[in-house]
Amino acid sequence: MKRTIAVAKKVIISLGVLGALLSTHQSFAAQPQFLIVGTGGVTGVHYPVGGAICRTINKKRKETGLRCSVESTQGSVSNLNSLADGELDLAVAQSDSQHHAYYGTGAFSLSGSNSDLRSVLALHAEPFTVVASKASGIQTFDDLAGMKVNIGNPGSGQRETMEALMRAKGWSKESFALASELSSVEQSQALCDNKIDAFVFSVGHPAGSLKEATNNCDVVIVSVDGPVVDYLVEQNSYYTKTIVPGGMYRGTDKDVKTFGVSASLMASSTSDADMIYSVVKNVVENLDSMKKMHPAFSALSAKSLAANNPNIPMHDGAERYYKEAGLIK
């Protein structure tokens, strides 16, 4: 009889411990995990792309416990610095900025290399786009010399690409009558107000900033090609030759030749692998609905999202999902 009572007590205690563990687990699982995605200016494409990613993640928040929000930022360089500092969980960034952040070159030469940088999702192409007022008479990139040009705000991807092209041409800020540092939100109005003659922008198309300029004043989109561009593309794997598609903006019916970068969603190697796995799974498996959120997603496929970045390692969580889905080996 005593033995039976003792066994019963052990069972009750065991059940109590099990119940406590289950309760703790359920309490932990119920705690939401908040993610902040760094993007760019609201008139660019990084911001709506980040928004589309967050909306997709948030649709499954009851299942995953993930809550995602978008932060408008100065751009790629700023995003990657904030990601390294732990101020962002995920960041949209250009391929050239990613390269420089990982190796500690370019805009990151002072802060040093971030070997913890990891790629999560390969996103859209971002042609380097030059928009000039018709009244300025600018017809080629070389015509920008001596003009009032917005070269982009410090911390933006457009500024980094512009400075790379300026160095290759032997130009400096003094090569322009004015080298303004307006953000992507300000540049279109400045162009239409004749405060600048042209601006440059590394951006996916169609972009709100360009629509604002082309709809409100007479502008031209200028080709960016020639031997110097050829050299940049040949020497740097993060650049590629591309076009600004014709028919997207008023006054531009034909494709315009240029070069450009690509955008990716980035994380840190210290980011939780299960969390990154869940982010990638939600995006890949809901890509069709995401394509309806912004035209920049139109050319994406599950295979292209998993494209390996030759310069940056893939995050373990992303790699796990891509392998399970048969998208990479």
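Arranged from fewest to most other beta-carbon atoms within 10 Å of their beta carbon, ILE276, ILE221 become ILE221, ILE276.
Since only SER268, GLY326, MET248 are under comparison, the one whose Cα sits farthest along the positive direction of the charge dipole of the chain, derived from C-beta charges on Lys, Arg, Asp and Glu, is GLY326.
For THR240 and GLU174, the difference between the fully extended length at 0.36 nm per residue and the C-alpha to C-alpha distance is 21.0 nm.
For the listed peptides 44-55, 263-274, 79-90, a ranking on the average number of other beta carbons within 10 Å per residue, highest first, reads 44-55, 79-90, 263-274.
In debye, nearest 20: dipole of segment 126-261 around its Cα centre with unit charges on the Cβ of K, R (+) and D, E (-)?
80
A simple spin-label model places pseudo-atoms 7 Å from Cα toward Cβ; at GLU285 and ALA302 they are separated by 1.0 nm. Under 24 Å from the Cα of LYS303, which lysines turn up, not counting those fewer than eight places away in the same chain? Output for LYS303: LYS59, LYS60, LYS241, LYS281, LYS291, LYS292, LYS323, LYS329. Cross-link partners of LYS195 among lysines, defined as those whose alpha carbon lies under 29 angstrom from its own and excluding same-chain residues fewer than eight positions apart: LYS134, LYS148, LYS169, LYS173, LYS211, LYS254, LYS257. At a threshold of 8 angstrom on Cα-Cα distance, excluding pairs fewer than six apart, so keeping six or more, what relative contact order does the chain reach in percent? Here the relative contact order equals 22 percent. Between ALA190 and ASP225, the distance separating the two model label sites (each 7 Å from Cα on the Cα→Cβ line) works out to 2.9 nm.
Give the whole-number value, in cubic angstrom per residue, of the convex hull volume spanned by the C-alpha atoms of segment 205-306. Walk me through the numbers before you get to the answer.
On the way: hull volume 14.2 nm³, N = 102.
Once divided by residue count, the hull of segment 205-306 is 140 Å³.
The amide H of THR242, built 1.01 Å from its N in the peptide plane, has THR258, PHE259, GLY260 as neighbours under 5 Å, considering only residues 5 or more places off or on other chains. Count Lys and Arg as plus one, Asp and Glu as minus one, and take only other residues whose Cβ is under 15 Å from that of ARG320; the net charge is then -2.
Taking a Cβ cut-off of under 15 Å around GLY146, the surrounding Lys, Arg, Asp and Glu residues balance to a net charge of -1, with basic ones at +1 and acidic ones at -1. Between LYS257 and LYS62, the FRET efficiency from the beta-carbon distance, with R0 = 51 Å, is close to 0.60.
Taking Cα atoms only, the orientation of helix 46-59 departs from the longest principal axis of the chain by about 20 degrees. For Rg and Dmax of the Cα atoms in Å, the candidate list reads (1) 20.6, 63; (2) 24.0, 103; (3) 22.1, 74; the entry that matches the value derived from this model is (2). Cβ crowding within 10 Å ranks ASP96, ASP218, ASP255 as ASP218, ASP255, ASP96, fewest other Cβ atoms first.
Annotation: the residues ARG167, ARG159, ARG61, sorted from fewest to most other C-beta atoms within 10 Å of their own C-beta, follow the order ARG167, ARG61, ARG159.
Ordering THR258, LEU287, SER78 by Cα displacement along the dipole of the chain toward the positive end leaves LEU287 in first place; charges were set at the Cβ atoms of Lys, Arg (+1) and Asp, Glu (-1). About its Cα centre, the chain has a charge dipole of approximately 1820 debye under the convention of +1 per Lys or Arg Cβ and -1 per Asp or Glu Cβ, with nothing else charged.
Each reported figure results from applying straightforward, stated rules to the coordinates on display, with no laboratory input. Computed from a predicted model, the values in this text were never measured in an experiment. Ideal geometry is used to build each Cβ from the backbone, glycine not excepted, and the neighbour counts take in all protein chains shown.
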